Amino acid sequence: QVQLLEFGGGLVQAGDSLTLYCAASGRSLTAYRVAWFRQAPGKEREFVAFISWGGVTTLYKDSVNGRFNISRDNDKNTVYLQMNSLKFEDTAVYYCAAAPREKNNPDYYSSSWYDYWGQGTQVTVSR
């Protein structure tokens, strides 16, 4: 069983950059696939990015592809989301989520597939 904590959110201007951190405890993060989701007021939680346990495979929501980069350092038990060229519409609470790497029938884009969640960190992009 793993516990996740997100850090790094804040208030920025459009065009700025932020790096979000997802720190794991209780078990090595190498045993998990990890994704970032976000939820804005009045909207459903949506997929942002995914990274495989070894970091070889990454997936992105179309609207952030080319601007965001997901990476991981398993030795530090941390997954990162580097966000560049931020837009007002990126404003949301960002969550990291994890699923055991042994879990079959993956649906990387669906929040219901993930078993563990962090508390969320607020990202606000001003107009």
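Quick check, is ASN105 in a loop (DSSP other than H, G, I, E, B), open to solvent by 30 Å² or more (accessible area, probe 1.4 Å) and not hydroxyl-bearing (Ser, Thr, Tyr)?
It is true that ASN105 is in a loop (DSSP other than H, G, I, E, B), open to solvent by 30 Å² or more (accessible area, probe 1.4 Å) and not hydroxyl-bearing (Ser, Thr, Tyr).
Could you please find all residues in region 34-57 being among the polar types (S, T, N, Q) and either surrounded by 15 or more Cβ atoms within 10 Å (Cβ to Cβ) or in contact with a Gly (Cβ under 6 Å, 6 or more places away or on another chain) (or both)?
GLN39, SER52
Considering only region 46-56, state which residues are farther than 18 Å from VAL125 by Cα and not hydroxyl-bearing (Ser, Thr, Tyr). Before the answer, list the steps.
If we filter region 46-56 for residues that are farther than 18 Å from VAL125 by Cα, which is where we start, we get 47, 49-56.
Of everything in region 46-56, those that are farther than 18 Å from VAL125 by Cα and not hydroxyl-bearing (Ser, Thr, Tyr) turn out to be PHE47, ALA49, PHE50, ILE51, TRP53, GLY54, GLY55, VAL56.
Would you confirm, using the coordinates I've provided, whether GLU6 is among the acidic types (Asp, Glu) and surrounded by 15 or more Cβ atoms within 10 Å (Cβ to Cβ)?
Values: among the acidic types (Asp, Glu): yes; surrounded by 15 or more Cβ atoms within 10 Å (Cβ to Cβ): yes.
In short, yes.
Taking strands (runs of 3 or more DSSP E) that do not extend beyond region 9-101, which have at least 2 residues that are touching a residue at least 60 places away in the same chain (Cβ under 8 Å) and under 19 Å from GLY118 (Cα atoms)?
By residue number, 18-25, 32-39, 78-83, 92-100.
Could you tell me whether any residue of region 13-30 is surrounded by 19 or more Cβ atoms within 10 Å (Cβ to Cβ) and among the basic types (Lys, Arg)?
Scanning region 13-30 turns up no residue that is surrounded by 19 or more Cβ atoms within 10 Å (Cβ to Cβ) and among the basic types (Lys, Arg).
How many of the residues in region 93-102 are buried (at least 18 other Cβ atoms within 10 Å of the Cβ) and over 12 Å from the mean Cα position of the chain (by Cα)?
Residues flagged as buried (at least 18 other Cβ atoms within 10 Å of the Cβ) and over 12 Å from the mean Cα position of the chain (by Cα) within region 93-102 amount to 1.
The values are calculated or read from the model by the stated rules, or taken from the named source; none is laboratory data. Here the structure is a predicted model, which is why all the values come from computation and not from measurement. Cβ sites come from the backbone with ideal geometry, for glycine too, and all protein chains shown count toward neighbours. Heads up: the accessible areas ignore ligands, DNA and RNA and are worked out on the full protein's heavy atoms, side chains in. Shrake-Rupley method; radii C 1.70, N 1.55, O 1.52, S 1.80 Å.
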